[in-house]
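Comments concern the structure below.
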Amino acid sequence: MNLTKQAAVFLEGRIAAPGWRHFMYFVNMSLRRDVRRRRPKSEDADLRDKFCSNPFELFEMHEDGSVFMCCPRWLPWTAGNLHGQDADAIWNSPRAQEVRRSILDGDFKYCNRDLCPLIASDSLPSRAQARKNPFLRDIIDNRKTVLDPLPRRINLSNDRSCNLSCPSCRTRVLNFATGYAYELRKKLQDRLVKAFFSKPTKAVFAVNVTGSGDPFASRVLREFLHQLDSKDFPNLHVYLQTNGTLFNEKAWRRLSKIRNNISTVSVSFDAAREETYKITRRGGNWQHLLNNMRFLSQLRANGSLRHLRIDYVVQGANFREMPEFVAIGKELSVDVVAFSKAVNWGTWTAGEYRDLSVWDATHPDHAEFQRIIAQPVFDDAKVSLGNLTQDRRQALRAHTPVEAAESHLTVSS
């Protein structure tokens, strides 16, 4: 099937408004060109013995109603659209089954191998490892592409409302709390709730809130969280993905009905110094963030939180502070300090993105970036380098950790 026909299939069931159709066509084609450009076949790893559970577990809803089975940058392929299809029909749609087939066959043909952190860091489990999980063993052994109606993981990325306007994500503050914009998002949310949350269940599943904005800045998502009750879903795991500036003690109290369900809190920093934070997390308050993080750290220490993670999107403005960020993570006693490359979601021009891509060998600061990422601080068990793992391996071939640390101290002084 050529790209034009693929795009036509991609758009079936989408919003009828021509503007949305043209916009999503552009997004889909852009992502596909990016995958082809960034994946020379001669460099493809053999993944036939590997397995990824995402397409078999994940239902990710976006603002326009499109549903993905992974991060759309890692797997740029939709399963369907909630504006024209029911959630259960999307979950086992022909498009969803095709992606699952690609994983079972081992070709991973729809995945962006450069951007997926599991592929880039060679962290995908083997099929033998995956088969230790009874759920996955049944899928692998029976080549199942049609699954039970309740996804094991639901990711809500259907509202971009946020109190910040980080350059890596958007050009201005977005808040859809009233009028048609709110009603449209609420309609999508209600369709998902009807499909997956209308009846109490003891099933084990998870919901992530949110991959598109901030759960405490979004009216739609706040309402969803406040309506959930652990009595109805005792085995539901709630993952909160936030910038942390609004996650204070008051916000925690309002989550009283689902505190026992909250499994992980991930907080985005993208800086280790206040002056850098003003650049990378535009509109945020560094001191508010640190105060809230100390509160969350206390919750983790007393067992009220099961897992606390902090995130750092690496770019030209902040790469020199990466070691300091690890130190912040240790001070706060978090479980994971996670790094990833900045991705261009359309907020930067091609030239601006090149200027911040310090991991690119042609970047003028690439040598300094290599010296930093080769430092021994990144050997810490708390550190996750994700799609920067290969970059560190390359850096370690050029610099020993001790040399890198000494060099960085010399440059800093």
Write out, first by first residue and then by second, each pair whose Cβ atoms fall under 6 Å of each other, whose residues are 6+ apart or on separate chains, and whose first residue, in region 186-202, is within 18 Å of residue 153 (Cβ to Cβ) while the second is loosely packed, with under 15 Cβ neighbours inside 10 Å and of a type in the set (Val, Ile, Thr). none
Kindly check whether there is at least one residue in region 135-147 that is of a type in the set (S, T, N, Q), over 19 Å from residue 207 (Cα atoms) and touching a Cys at 6+ places or on another chain (Cβ under 8 Å). no
I'd like the full set of residues that are assigned to a loop (DSSP other than H, G, I, E, B), at pLDDT 95 or above and either surrounded by 21 or more Cβ atoms within 10 Å (Cβ to Cβ) or touching a strand residue (DSSP E or B) at 6+ places or on another chain (Cβ under 9 Å) (or both), limited to region 188-212. 197, 201, 203, 204
Among the residues of region 121-153, the number that are within 28 Å of residue 194 (Cβ to Cβ) and touching a strand residue (DSSP E or B) at 6+ places or on another chain (Cβ under 7 Å) is 4
Name the one entry in 95, 32, 73, 113 that is touching a helix residue (DSSP H, G or I) at 6+ places or on another chain (Cβ under 9 Å) and at pLDDT 95 or above. 95
Could you tell me which of the residues 357, 340, 333 is surrounded by fewer than 13 Cβ atoms within 10 Å (Cβ to Cβ) and either closer than 16 Å to residue 387 by Cα or modelled with pLDDT of 95 or more (or both)? 333
Residue satisfying condition, being of a type outside the set (D, E, K, R) and surrounded by fewer than 21 Cβ atoms within 10 Å (Cβ to Cβ), within set 269, 295: 295
Condition first: touching a residue at least 24 places away in the same chain (Cβ under 8 Å), in a helix (DSSP H, G or I) and over 17 Å from the mean Cα position of the chain (by Cα). Can you find one or more residues in region 331-354 that meet it? no
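The values are calculated or read from the model by the stated rules, or taken from the named source; none is laboratory data. Computed from a predicted model, the values in this text were never measured in an experiment. Note that we place each Cβ from the backbone using ideal geometry, even for glycine, and neighbour counts take in every protein chain shown.
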